[in-house]
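Report on the following structure.
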Amino acid sequence: MTSYSAPARLLHWTAALLILAMIPVGVIMLQDGLPRTLQNTLFIFHKNIGVFVLLLMVARFAWRAASPAPALPASIPEWQKKASSISHAGLYVLAVIVPLSGYIRVRAGGFPIEWLDAMNVPALVPRSDALAEVAKTIHAVGGMALAALILLHIAAAAQHAVIKRDGIFSRMWPPLGRASADRVADLAAAASDRPNG
């Protein structure tokens with residue numbers, strides 16, 4: 001079975017880990033009663049890493065255009081291939097919309113993005129409270145939809161790794177070698193087979 005290329009896997013896991021960190025940070029930073037210094041730190045992390053995620057997604061699109069994804073094996077039912085295609089498209093679209101709307105919300109709201117400001121990168125959107133509010137809503141709703149799709153994606157990956165053990169999981173395992181992916185799948189399967197108590 002053909003695996004994804006090492007650059008594709010590296011881009012995938014870097015973006016995935018950052019997005020997985022961004023979701024809880026985005027929820028926690030909005031909670032009432034947080035110490036102001038902690039809240040400020042979380043906001044700075046969220047908006048700055050969000051821009052980095054957006055740039056990573058641009059890199060992923062560029063790499064995907066130059067190096068198409070390997071085809072799913074013929075053993076996968078057609079409906080699963082279609083479901084996979086739709087869910088992946090949703091993940092890609094939301095992984096762009098969410099950080100992009102976050103960027104618009106911050107810039108239209110007149111707030112800094114520290115690492116861009118340090119490099120004198122100009123704001124690409126005008127100052128506008130109305131635009132900031134629309135972007136804020138899109139960011140919040142899109143973030144929830146992205147979190148739901150990520151959970152679905154993880155569940156599907158776990159099914160392939162632990163239940164079906166059909167090699168699909170190892171195609172996108174981090175670029176450490178396929179044997180390591182198979183070993184992780186073996187350990188997960190052994191743990192799921194172990195009796196409780």
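Here PRO195 does not fit the description of being at pLDDT 95 or above, out of contact with any helix residue (DSSP H, G or I) (no Cβ under 7 Å at 6 or more places or on another chain) and not in a helix (DSSP H, G or I). Just so you know, in the stretch 32-86 the residues that are small (Gly, Ala, Ser) and assigned to a helix (DSSP H, G or I) include one that is surrounded by the most Cβ atoms within 10 Å (Cβ to Cβ), and it is GLY50. For the stretch 90-107: of the residues being among the hydrophobic types (A, V, I, L, M, F, W, C) and within 16 Å of ALA8 (Cα to Cα), which is surrounded by the most Cβ atoms within 10 Å (Cβ to Cβ)? Restricting to residues being among the hydrophobic types (A, V, I, L, M, F, W, C) and within 16 Å of ALA8 (Cα to Cα), the top hit is ALA95. Scanning the stretch 177-189 for residues that are open to solvent by 50 Å² or more (accessible area, probe 1.4 Å) and either of a type in the set (Gly, Ala, Ser) or modelled with pLDDT of 60 or more (or both) turns up just one, ALA179.
Restricting attention to the stretch 71-105, the residues that are more than 20 Å from the chain's Cα centre (by Cα) and over 19 Å from ILE150 (Cα atoms) add up to 9. Look at (1) part of a helix (DSSP H, G or I); (2) open to solvent by 60 Å² or more (accessible area, probe 1.4 Å); (3) at pLDDT 85 or above and you find that HIS139 fails only one, number (2). Of the residues making up the stretch 97-117, one or more are among the hydrophobic types (A, V, I, L, M, F, W, C) and part of a loop (DSSP other than H, G, I, E, B). Of all the residues in the stretch 46-85, those that are more than 23 Å from ILE154 (Cβ to Cβ) and either in contact (Cβ under 8 Å) with a residue 24 or more places away in the chain or among the hydrophobic types (A, V, I, L, M, F, W, C) (or both) number 10. For the stretch 110-126, which positions are without any contact (Cβ under 8 Å) to a residue 24 or more places away in the chain, surrounded by 15 or more Cβ atoms within 10 Å (Cβ to Cβ) and closer than 23 Å to VAL141 by Cβ? Of everything in the stretch 110-126, just one residue is without any contact (Cβ under 8 Å) to a residue 24 or more places away in the chain, surrounded by 15 or more Cβ atoms within 10 Å (Cβ to Cβ) and closer than 23 Å to VAL141 by Cβ, namely VAL125.
Let's see how each residue does on (1) under 21 Å from PRO70 (Cβ atoms); (2) at pLDDT below 95; (3) outside any helix (DSSP H, G or I):
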{"position": "ALA132", "(1), (2), (3)": "no, no, no"}
{"position": "MET144", "(1), (2), (3)": "no, no, no"}
{"position": "ALA155", "(1), (2), (3)": "no, yes, no"}
{"position": "GLN159", "(1), (2), (3)": "yes, yes, no"}
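The values are calculated or read from the model by the stated rules, or taken from the named source; none is laboratory data. The structure displayed is predicted, hence computed values, not measured ones. Backbone-built Cβ (ideal geometry, glycine too); neighbour counts: all protein chains shown. To get the accessible areas, we keep the full protein, side chains included, count just its heavy atoms, and leave off ligands, DNA and RNA. Shrake-Rupley method; radii C 1.70, N 1.55, O 1.52, S 1.80 Å.
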